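Everything below concerns the one structure shown next.
The values are calculated or read from the model by the stated rules, or taken from the named source; none is laboratory data. Note that the structure is predicted; figures quoted are calculated from it, not measured. Cβ: placed from backbone, ideal geometry, glycine included. Neighbour counts: every protein chain shown. Note: accessible area is taken over every heavy atom of the protein model, side chains too, but ligands, DNA and RNA are not part of it. Shrake-Rupley method; radii C 1.70, N 1.55, O 1.52, S 1.80 Å.
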Amino acid sequence: MSTPKPPVAVRAADVAPRTKPSAYPAPFAARMDGRVKRQLGDLFGLTNFGVNLTRLAPGASSALRHAHELQDEFVYVLEGRPTLHTDAGPTPLEPGMCAGFPKGTRDGHRLLNETASDVVYLEIGDRTPGDRAIYPDDDLEARQVDGRWAFFHKDGTPYG
């Protein structure tokens, strides 16, 4: 059986949403309610970096506030007015604005939709193997093991 050939081009909003809303373990996964990701990079077979079209309903969060050791991340706001939360505090964003998060800074970041309208943005990140993510506000650490995220308490005890 051969693998299907990736499309040449698609309308991003027509790509089916990711089936698993969050990789986070309980109780953190429920905090991602209202977030819908469309994995555009995977659709095209991209392996060096990922691209997601993400929609946040009012009150939704992009992620827990986190920072990667080995992966760079970038977001570009298409619609709505999310608030970027970093160690510097809240920063209001609007369509056309972007933000980048270099690897290794330990400066946790996330987007939060504190408005009554949806927020839509592109998120782009590389896929460096062996990455680790820290979560300064939560008892959580993520480690990439065999290409998948594994979650641990800050004391090293695995979740679930």
Env charge @ ASP87, Cβ radius under 10 Å, K,R +1 / D,E -1, value +1
How large, in percent, is the carbon and sulfur part of the accessible surface of the chain at a probe radius of 1.4 Å? 55 percent
Both in Å, the radius of gyration and Dmax of the C-alpha trace of the chain are 15.7, 51
Provide, in order from the shortest bin, the percent of all Cα-Cα pairs of the range 60-121 in each 5 Å bin, continuing until the bin that contains the maximum pair distance. 4, 19, 31, 25, 14, 5, 1
So for the chain, averaging the separation of alpha carbon pairs under 8 Å that are six or more residues apart and normalising by length, what relative contact order in percent results? 22 percent
Probe 1.4 Å, accessible area per residue of the chain, Å²: 57 Å²
For TYR159, residues with placed amide H under 5 Å, excluding near neighbours: PHE151, PHE152, HIS153
What helix-only [θ] at 222 nm does the chain give? Using -39500 (n - 2.57) per DSSP H run of at least 4, over all residues, to the nearest 500, the answer is -500 deg cm²/dmol
With every protein chain left in place, what is the accessible area of TYR76 in Å² (1.4 Å probe, nearest 10)? 90 Å²
Cut-off under 22 Å on the C-alpha distance; same-chain residues fewer than 8 positions from LYS154 excluded. Which lysines are left, in chain and number order? LYS103
Rounded, prolate or oblate for the range 1-85? Axes are the square roots of the Cα gyration tensor eigenvalues, ordered a ≥ b ≥ c, and the cut-off for rounded is a/c under 1.5. prolate
Hits among lysines - C-alpha to C-alpha of LYS20 under 19 Å, sequence gap 8 or more where chains match: LYS37
At 1.4 Å probe size, what's the solvent-accessible area of ASP155? Round to the nearest 10 Å². 120 Å²
Charged-residue dipole, Cβ positions (Lys, Arg, Asp, Glu), the chain about Cα centre, Debye nearest 20: 480 debye
If you average 1/r across every pair of different Cα atoms in the range 67-160 and take the reciprocal, what Kirkwood value do you get, in Å? 14.4 Å
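May I ask you to rank ARG11, ARG132, ARG35 by accessible area, largest first, using a 1.4 Å probe over the protein chains only?
Values: ARG11 165, ARG132 55, ARG35 20 Å².
Of ARG11, ARG132, ARG35, the descending order of accessible area is ARG11, ARG132, ARG35.
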With every protein chain left in place, what is the accessible area of GLU79 in Å² (1.4 Å probe, nearest 10)? 90 Å²
